[in-house]
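In what follows, a single structure is set out as structure tokens and then discussed.
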Amino acid sequence: MTAHEQFGEDLALHALGALDGSERAALEKHLNECVDCRRELEQLRGDMALLALSASGPKPPQRARQRLLTAIAEEPERIQTATTKRSWWRTFEWVAAVAALAVVVLLVRQNSDLRRNIASVQGRMLHQQAELARAKEVADLFTAPETQQVTLIAAKTPPQPQGKTFYLRNRGQLIFLANNLPPLPPDKIYELWLIPKVGAPLPAGLFRPDAHGSATVVNPPLPAGVEAKTFAVTLEPESGSHEAPRGQAVMAGIGE
């Protein structure tokens, strides 16, 4: 079969405007190279124009008539084939859309899990940084040259409670260590007091000793810059006195 014969039926379809897709592209490429096929296409279009103008017009060439009839007969099959292709392509598009949606959902879940993990790691880092800062503050309080140390001794005979304060005035930071404290009576608590050189005593924390009579107070809320004359511990009601010592004095401080 020659190239001219191969494109013969396509010429009739092209004249009818029923040729599309790759077949039309292949035919148009052939028409650019084949003078005979271009001439026959023009004849087919002319014949169809005459048929359209008059039902009793000139009789088209037998070859053109046969190709037109063949093209018309094959048109339902071409439509069915194109419909089948479109149906298959729509099914493929639907499957592809479902697959893409599943991928998006998976990526969103993975992204959410990743963000939660990052937030958890950041939270732990912030907590560790806060703990390190607190440890540094405690170390600075013990080692700073300007830290004021006061030893507290028992106000009465044995057992001899003892306490020691580390006070950094410019920061308002305080650490108090005590031992040999007697057990607390019911509904009572120990309260530490800062006795300033000027003004009323300041509450410096409530505390309970452990089974060995030891206790610690670390950085109670104190204003910075208060110059301490001494420190004291009193036995107060369980809620504390807060405003001024009211209970029995347990220890009083002497400066070092």
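Only the coordinates and a few stated rules stand behind these numbers; no lab work does. The structure presented is a predicted model; accordingly, all values stated were derived computationally and were not measured. Every residue, glycine among them, receives a Cβ derived from its backbone with ideal geometry; neighbour counts consider all protein chains shown.
Values as computed for the structure displayed
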item	result
Residues Lys229 and Lys136, FRET efficiency given R0 of 35 Å [Cβ-Cβ distance, rounded to 0.05]	0.75
Sites Arg246 and Leu126 - FRET efficiency at Förster radius 35 Å, r taken between beta-carbons, to 0.05	0.25
Where only C-alpha atoms are counted, convex hull volume of segment 128-256 per residue in Å³	117 Å³
Counted charge near Ala228, where neighbours are those whose Cβ lies closer than 9 Å (Asp, Glu -1; Lys, Arg +1)	+2
Ranking of Asp47, Asp20 by count of other Cβ atoms within 10 Å, fewest first	Asp20, Asp47
Distance (nanometres) between label positions extended 7 Å along Cα→Cβ at Gln148 and Leu101	7.4 nm
Separation of alpha-carbon centers, segment 31-48 and segment 207-256, rounded to whole Å	113 Å
Local electrostatic count at Trp193 - Lys and Arg +1, Asp and Glu -1, tallied over other residues with Cβ under 13 Å	-1
